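First the structure, in the form of structure tokens, and then the observations on it.
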Amino acid sequence: MQLSLILLQAAQSFDELKFLGIKLINTEDYIELLVRFGLNLLVTVFIVVGLYAKSSKRKDFYFTYIAISIVIFLLCFLLESVKIELGFALGLFAIFGIIRYRTDAIPIKEMTYLFVVIAVSVINALANKKISYAELITTNLLVMVGLYILEKILNLRQEISQRIVYEKIENMHADRKDELMADLVARTGIDIKRIEVERIDFLRDVAIIYIFFDVNGTKKLW
């Protein structure tokens, strides 16, 4: 009992320490930061490594997802006292909703996971005192279970496309669809699901074609 009182008094004395008018530490808020950060990081790692990594072979987004999750969480948590909670959260979605990397556009599924990571980080950071930890943990579990159902149980496949400039213009005839498909499969070595023709240029004897195929188990063309 006495030890508890001593620790409590020590914590209170630490809380009173200030430097340039700012507290050196706020024990309660500091513990809350560590607990929520640990929960958010655990959920993010499960989503990225346990779900996304198992369904997609694209490793270039692992770093992005985890880094953005950490930054968004800390940004929201530290600015929670500023009364911009809802507007700030919506602003983050608006900003990332128009993101396009200069080198490559983000595929739909990767963008969806990006939204999920941002949403989870915002929820874990901005959940106020009225929301219990049981509700917060349940919310995170619902997100993870929902993604698990979509990825594992429904076994949804991720389809990507590739733009091709095709020079065998004779295969673009409506009656030669089988020959066109066979030629593209032979050249690319991948299992093409469908084809979309963007443009046929008879002047240059080329056609612009988009081929669609499952990302898993398929070698890239680039």
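Pairing each residue of the stretch 42-67 that is touching a residue at least 12 places away in the same chain (Cβ under 8 Å) and more than 18 Å from Lys152 (Cα to Cα) with any residue that is part of a helix (DSSP H, G or I) and among the polar types (S, T, N, Q), provided the two are 6+ apart or on different chains, yields C-beta distances under 9 Å for Tyr65/Thr44; Ile66/Thr44.
Within the stretch 61-90, the set of residues being out of contact with any helix residue (DSSP H, G or I) (no Cβ under 9 Å at 6 or more places or on another chain), in a helix (DSSP H, G or I) and modelled with pLDDT under 85 comprises Phe63, Gly87, Leu90.
Scanning the stretch 167-183 for residues that are farther than 11 Å from Ala207 by Cβ and surrounded by 12 or more Cβ atoms within 10 Å (Cβ to Cβ) yields Arg176, Lys177, Glu179, Met181, Ala182, Asp183.
Can you name the residue in the stretch 126-147 that is modelled with pLDDT of 85 or more and surrounded by 15 or more Cβ atoms within 10 Å (Cβ to Cβ) and, of all such residues, is farthest from Ile200 (Cα to Cα)? Going through the qualifying residues, I end up with Leu136.
The values are calculated or read from the model by the stated rules, or taken from the named source; none is laboratory data. Note that the structure is predicted; figures quoted are calculated from it, not measured. Positions of Cβ are generated from backbone atoms using ideal geometry, with glycine treated the same way; all protein chains shown enter the neighbour counts.
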